[in-house]
Every structure is written in structure tokens, then in C-alpha cells.
Amino acid sequence: MDPRALRRDFPVFEAHPDLVFLDSAASAQKPRSVIEALARFYQTAYANVHRGSYPLSEAATEAFEAARATLAGFLGTPDPDEVVFVRNATEGMNLLAHALGERYLGEGDTVLVTEMEHHANLVPWQQAARRKGARIRAVPITDQGRLDLAALDRLLGEEPRIFAFTQMSNVLGTVNPVAELAERAHRAGAIVVVDGAQGAPHLPVNVRALGADFYVTSGHKMLGPTGASALWGRRELWQELPPFLTGGGMIERVTIEESTFAPPPTRFEAGTPAFAEAVGLAAAAEYLIGVGMDRVWRHDRELTRRALAALSEVPDLRVFGPQGEDRGGVVSFAFPGVHAHDLATFLGQKGVAVRSGHHCAQPLHRRLGVAATTRASFYLYNTEEEVDRLAAVLHEARRFFASWIE
Ligand code: PLP
């Protein structure tokens, strides 16, 4: 895979030729094919879906349903109706926490999460647990930044109804052994929800082989437009769940007093869906399939290995996360005594775009003993030279902030 050739597919790098963009874990840049698919749809094929009986609307409906099939294929399921379109991973988690909470949670039940979760995979469960009188428990992490699997056994002994965990940490880069975790959780009787917001853009995913019951993605992190993401679930589980949002489009029959609901996936897509963005997301999935997810994954890991080696040479820099093969293209770091935002601003002024803060993972940062970190994240369009540039600017930052470093 040649990232220099791939970069030519991304117009943003023509507009900003010197930009070292290391913030794809927040949101990825878009290839021309995605931008063009979106523009073409708006210019030539736009009409509301599932409503009109005229040819333009029927063709738009076909394009929307074809997008669903493409996303199903990308996630490794033959059944397009197992894919629900939501706005983003956060909405996907809220949908699941609401619907699974209503259906399965009761007084005294447990929802199991982990200490490395993004707030999107924590706060919705807290709300569901509060409504139902359930409680939240979290699998702790080890000092190396991996899940503590001995503690997992103990926590699964409490027979949680739901186990929701991330495939890849957005702070530590840790890739969790999803298939093993899912199998253990199923043996304990839990429903398995996987947060694939950082997984799906970077790893080959086959939801059935992973053994998940639900798998949440974030479209804008996998080269798609904002506003459309695929949420996958097992057909038999979708069928049992009540809706999240209600109103037009998701019903079967409505009287003044009550309503019956359409079968999935329509039941979970109230109102006009983001169908143009779904078509754009399908173009993103096709682009990734064309490159090959194995190659994307290998490239991310090579850049990560290079970054970990280079950053270990920067004096005083604390680098977080495991050192082994089980990590993807996210590297968070801090100089003790230097605020993460100051470091990110310094890097930004040198043309290196990174993110700083708690990355929506406050419990994890508390566990790491820092208020905030600065994070570089890599994707298919990043090069080895960009990783070297990051390291070089961090050496400069070390000299610049020397008097602050504790
Ligand atoms: N889960 C993880 C692990 C994330 O990194 C993010 C975004 O940073 C989310 C969930 C939320 O994604 P979205 O922006 O699509 O709601």
C-alpha cells in the first residue's frame, strides 16, 4: 500500500500540502469518491426515500437500500436488514442503551463496561441503569493498558445482562480480543455490544466471526460524511427490541391512542434518514474495500511501531498504552507539567494536527493519573515521514517547554 498515491485521492491534501494530519481518530479526511458520490446524489438523484411512488424517489430508495447492503458486506454479514442507519456512534449507543435497557434491564441488574470506554459507551448505559434500577460495573485495566482478564472472570460471575466494550481504545490504542471476550460474556449469559468506532475504520471486521450481538460504527471516522453510521445487530435480537425514536416512517398502524411498529431496520429509523450521507458512506466502505482492510491495518501498525520507537527517544515524554502487537494507530503522550493543550498548540503551529484533552474518556485518564493527554492518530494516508516529523517536533517541544517539565 502506497500512502503517497492514496493521498492524491484526498482533496484536502491539495488544499493543505504541508499539513501533517494526525487526527483521524477524531474524524477522518474524505476521498474524492465519497465527496463526488454525495454531490452526484444531491445533484441528480435526490428525493425522499420510502415515501414517493414516482421514479426519482424509487431510485433514491434503491440507492439507500443498496448502501445498506454495502455496509452489511463491509461488516461481514449477508443480511442488509441487520444494519440500521444512525447519525454517529453516539446515537447508536443511545439507541442500544435505551432499547436493550427497556427490554432486558431490571432492578438490581448489572451492565458491564470497561475502564477504557469513550463516554459514548458509558453515559448512555448510566442513564439506562438509572431508569431501571440497575448498576454499572467496569472491567479495570492493567498498568500496561490492557483489560484485566482475571478481574473480568470475577465480574462475569455477577451475571451482567449486557457487556459493552470497545474494540480499540481511542486513547491507548489497545485492541481488545473481541471474540474471546464475547465468548466468555455469552457463557455468562450477557448480550455483547461492541463499540467499533475506532475498530471498523482500521481493522478487517466480520461481526459474525467476532461473536458480537451488536456492533456500533462511526461513519465519519471511516472516510464517510458526517451524519450517517451503520449500527449492526443480530436479526433475532433486533426483532425483540422496542424503538428508540418514534414518529414517521417507523410505524405500521397508528390510531389516536396507540401504534404498532414496523419490523427492523425501519423500526429504528424514525423520520427522514440521512440517506444521501448513507450513499456517501457506502462509497467510503467501497473505497476501503478497494484498498483492502488487511493492508490498512498493516500500514497503521507499521506507523504505530515507528512512532512508539521514535517517541521513546524523546526525553521526559510519557507515552501511554501497551507496547505489543495488540495496538492500533493511536498514540497518546504527555510531558509531566506541560498542559496537553499547550503541547497540541505547539505541534499545531509547526503544522502537525493532533488532538488534546481527555478524549471523552475521563475515567480512563483518572486511572492513568493525568488530567489530559495529547494524541496522534494515523490512517491510510499518513506516511513514515509524517511520523518522523511528529517525533522531530516533539524534540523541539521538549526544548521549548524545558522549564515547565516536572
Ligand atoms: N467510541 C469511541 C471509541 C470513539 O473514539 C468515539 C469518537 O471519538 C465514539 C465512540 C463516538 O463517535 P461519534 O463521534 O461517531 O459519535
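The values are calculated or read from the model by the stated rules, or taken from the named source; none is laboratory data. Since the model is a prediction, treat every value here as computed from it, not as a measurement. Note that each Cβ is placed from the backbone with ideal geometry, even for glycine, and that neighbours are counted across all protein chains shown. All accessible areas refer to the heavy atoms of the entire protein, side chains included, with ligands and DNA or RNA removed. Shrake-Rupley method; radii C 1.70, N 1.55, O 1.52, S 1.80 Å.
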Per-region count, the range 291-333, residues touching a residue at least 40 places away in the same chain (Cβ under 8 Å), acidic (Asp, Glu) and not in a helix (DSSP H, G or I): 3
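Test Leu71 against the stated conditions and say whether it is crowded, with 21+ Cβ neighbours inside 10 Å, within 16 Å of the ligand (Cβ to nearest atom) and either of a type in the set (Asp, Glu) or farther than 30 Å from His358 by Cα (or both).
yes
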Residues (part of a helix (DSSP H, G or I) and away from the ligand (no atom under 16 Å from the Cβ)) located in the range 75-95: Pro80, Asp81, Glu82
Tally, over the range 99-124, of residues that are of a type in the set (A, V, I, L, M, F, W, C) and more than 13 Å from the ligand (Cβ to nearest atom): 5
Test for Thr226: is it within 16 Å of the ligand (Cβ to nearest atom) and in a loop (DSSP other than H, G, I, E, B): yes
Complete set of residues in the range 341-360 that are within 16 Å of the ligand (Cβ to nearest atom) and over 17 Å from Ser24 (Cα atoms): none
Residues of the range 321-338 classified as more than 15 Å from the ligand (Cβ to nearest atom) and either among the aromatic types (Phe, Trp, Tyr) or in contact with a strand residue (DSSP E or B) (Cβ under 8 Å, 6 or more places away or on another chain) (or both), total: 6
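Would you mind stating whether Ala278 is within 16 Å of the ligand (Cβ to nearest atom), closer than 30 Å to Phe64 by Cα, open to solvent by less than 10 Å² (accessible area, probe 1.4 Å) and in contact with a strand residue (DSSP E or B) (Cβ under 9 Å, 6 or more places away or on another chain)?
Yes; evaluated as a whole, the condition is true for this residue.
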Any pair with Cβ under 9 angstrom, 6 or more apart, that starts in the range 248-263 at a residue that is among the basic types (Lys, Arg) and ends at one that is exposed (fewer than 12 other Cβ atoms within 10 Å of the Cβ): Arg253/Thr260
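From the residues in the range 208-219 that are within 13 Å of the ligand (Cβ to nearest atom) and of a type in the set (Gly, Ala, Ser), which one is surrounded by the fewest Cβ atoms within 10 Å (Cβ to Cβ)? Step through it out loud before you land on a result.
Of the range 208-219, the ones within 13 Å of the ligand (Cβ to nearest atom) are 215-219.
Next, only the ones that are of a type in the set (Gly, Ala, Ser) stay: 218-219.
Numbers: Ser218: 30, Gly219: 32.
The extreme case among them is Ser218.
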Test: residue in the range 153-169 that is among the small types (Gly, Ala, Ser) and either away from the ligand (no atom under 13 Å from the Cβ) or without any contact (Cβ under 8 Å) to a residue 24 or more places away in the chain (or both): yes
Condition check for Glu257: surrounded by fewer than 18 Cβ atoms within 10 Å (Cβ to Cβ) and closer than 18 Å to Gly101 by Cα: no
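Based on what the data block shows, is Glu117 part of a loop (DSSP other than H, G, I, E, B) and under 23 Å from Lys221 (Cβ atoms)?
For Glu117, the condition - part of a loop (DSSP other than H, G, I, E, B) and under 23 Å from Lys221 (Cβ atoms) - is met.
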Test: residue in the range 386-398 that is at pLDDT below 95 and open to solvent by 10 Å² or more (accessible area, probe 1.4 Å): no
Output for the range 229-247, where each listed residue is assigned to a helix (DSSP H, G or I) and under 12 Å from the mean Cα position of the chain (by Cα): none
The range 354-382, residues that are at negative phi and open to solvent by 10 Å² or more (accessible area, probe 1.4 Å): Val354, Arg355, Ser356, His358, Gln362, Pro363, Arg366, Arg367, Leu368, Val370, Ala371, Ala372
Cross-chain or 6+ apart pairs with Cβ under 9 Å, the range 66-83 first and within 22 Å of Gly292 (Cβ to Cβ), then among the β-branched types (Val, Ile, Thr) and surrounded by fewer than 15 Cβ atoms within 10 Å (Cβ to Cβ): Thr70/Ile289; Gly73/Ile289; Phe74/Ile289
Selected residue (criterion: nearest to the ligand (Cβ to nearest atom)) from residues of the range 188-201 that are closer than 12 Å to Ile162 by Cα and out of contact with any strand residue (DSSP E or B) (no Cβ under 6 Å at 6 or more places or on another chain): Ala188
Residue in the range 245-258 that is more than 27 Å from Thr70 (Cβ to Cβ) and basic (Lys, Arg) present: yes
